[in-house]
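The values are calculated or read from the model by the stated rules, or taken from the named source; none is laboratory data. Every value quoted in this text rests on a predicted model; they were computed, and no experiment measured them. Heads up, the Cβs are rebuilt from the backbone with ideal geometry, glycines too, and the neighbour counts pull from every protein chain shown. Ligands, DNA and RNA are excluded from the accessible area calculation, which covers all protein heavy atoms including side chains. Shrake-Rupley method; radii C 1.70, N 1.55, O 1.52, S 1.80 Å.
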Amino acid sequence: MENKDIILTGIRANGELTLGNYLGAIVPMVKLQNKYANSHQINMFVPDLHSFTTPINHNDLYLKIIDSLKFYVAAGIDLNLDNVYIYRQSFISAHSELTCILNNFTSYGELLRMTQFKEKSDQLKDNFISAGLFDYPVLMAADILLYGALWVPVGDDQRQHLELARNLSIRFNNKFNQRLFVVPNTWEKQQEFIGRNNGARIMSLKNPNNKMSKSLSDPNGTILLTDNPENAATKIINATTDSVGIINYNIENQPGITNLLDILALLIDEPLEKIIKNWQGKKSYIELKKAVADEVKIFLTNFQKKLLEIDETSLMRKLESSEYLMRDVATQRLYKIQQVVGLRP
Ligand code: TRP
């Protein structure tokens, strides 16, 4: 391991993945890998200890994680890159231990202000608001600070959590008067770094004002990566549009059509401007739907074929070798922190 700047990113790997996850998160991750694997160290990790904050099935969690990682590999995550590490959070116990320490330097009020905590606790059906949900951002800070990651490209929904990691690192460095933690760059800088275009949020095909999500009781609005390609194409044909009658890229007034244009641009990897230029002003919604449906069908057919060819042995080997190396890095960092707070000589 050389001293390269570190990019750290979380891989969501529980539950079924949707076309929205693919276009909005997996493809950008593959692009990040292709662009930076030579010049940076990239830590891609599965925040599996974070997965209990929403209801899950504990019986198949372990296998689900392995399964969903295969989707990432099918999408282009390369298991043979030396500068890329893929590991599971719970396999490196320093994440939990550092969380335990950081908890004492994080205030109740700070965590109470987290909008994701408020939103998620409001959505809970049984009103059991766990300490795990409350403490989620501290574990996330530990994920980042253990490795000294400068680059943590996260979406808007994770902005406050990144801020907390920054604040904790600064607080610690000041209190103990040393440069113990690397302070991750600001959210604005992270955004500049990945140059995120704004079209990456894929919406439900039936309720285009909501994000495409498997949790919405909205099977026709959602395309799963495991959907039968013909059925998926039909979902596109039946997507909700509007009564304007002319194709425009307009999120406010024509969210359904806009969503289809976004999907098309991302699927065929062409600039959105070009797609808009091709379709803007045309009157036939069905023509656009057919074009998108065809691309979705081609994409899913190829993707599912690749998925079947993924070799589980190489995936496990990659996980285990990354975990072996990262455990060492994380344990050493934890030891320094334990020394600083007075737990070690
Ligand atoms: N909270 C992140 C999400 O929901 C996942 C995550 C956990 C993460 N720990 C992280 C992302 C550390 C970046 C860095 O997407």
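In this label model, Asn238 and Asn104 are separated by 5.8 nm, measuring between points 7 Å along each Cα→Cβ vector.
Across region 121-157, the residues whose backbone nitrogen lies under 20 Å from the label position 7 Å along the beta-carbon direction of Gln339 are 145-149.
Using only Cα atoms, figure out Rg for the chain and give it as a multiple of 2.2 N^0.38 Å.
Here the Cα radius of gyration is 1.06 times the empirical estimate.
Note on region 50-136: Rg/Rh from Cα positions, Kirkwood definition for Rh, rounded to two decimals, is 1.04. Computed from the C-beta positions of Asn177 and Lys118 and an R0 of 35 Å, the FRET efficiency is 0.50 to the nearest 0.05.
Within the same chain, lysines fewer than 8 places from Lys125 are excluded, and of the rest, those with a Cα less than 18 Å from its Cα are Lys214. What is the percent carbon and sulfur in the accessible area of region 214-307, measuring with a 1.4 Å probe over the protein chains and ignoring ligands? Here carbon and sulfur together make up 51 percent of the probe-accessible area.
Using C-alpha pairs below 8 Å separated by at least 6 residues, the relative contact order for the chain is 21 percent. Springs between Cα atoms under 10 Å define the GNM used for the chain, and in it the highest mean-square fluctuation of Ile298, Ile202, Ile223 occurs at Ile298. Compute the distance from the alpha-carbon center of region 237-307 to that of region 1-68, in whole Å. After rounding, the separation between the Cα centres reads 27 Å. R0 = 25 Å: FRET efficiency of Asn3 with Thr226, Cβ-based, nearest 0.05? With R0 = 25 Å, the Cβ-Cβ based efficiency is 0.05. For region 141-241, GluC sites (Glu not before Pro) meeting the loop criterion (DSSP other than H, G, I, E, B) and having at most 16 other Cβ atoms within 10 Å: none. Relative to the current alpha-carbon distance between Ile298 and Ser39, full extension at 0.36 nm per residue lengthens the span by 89.9 nm.
Taking a probe of 1.4 Å, how large is the accessible area per residue of region 63-189, in Å²?
Accessible surface, normalised per residue, equals 46 Å².
Counting only protein heavy atoms and a 1.4 Å probe, region 214-307 has 52 square angstrom of accessible area per residue. Overall, region 214-307 carries a charge dipole of about 200 debye about its Cα centre when +1 sits on the Cβ of Lys and Arg and -1 on the Cβ of Asp and Glu, all other atoms neutral. Please go through region 118-197 and write out the trypsin sites (Lys or Arg not before Pro) that DSSP classes as loop and that have at most 13 other C-beta atoms within 10 Å. Within region 118-197, the qualifying trypsin sites (Lys or Arg not before Pro) (loop, at most 13 other Cβ atoms within 10 Å) are Lys125, Arg179.
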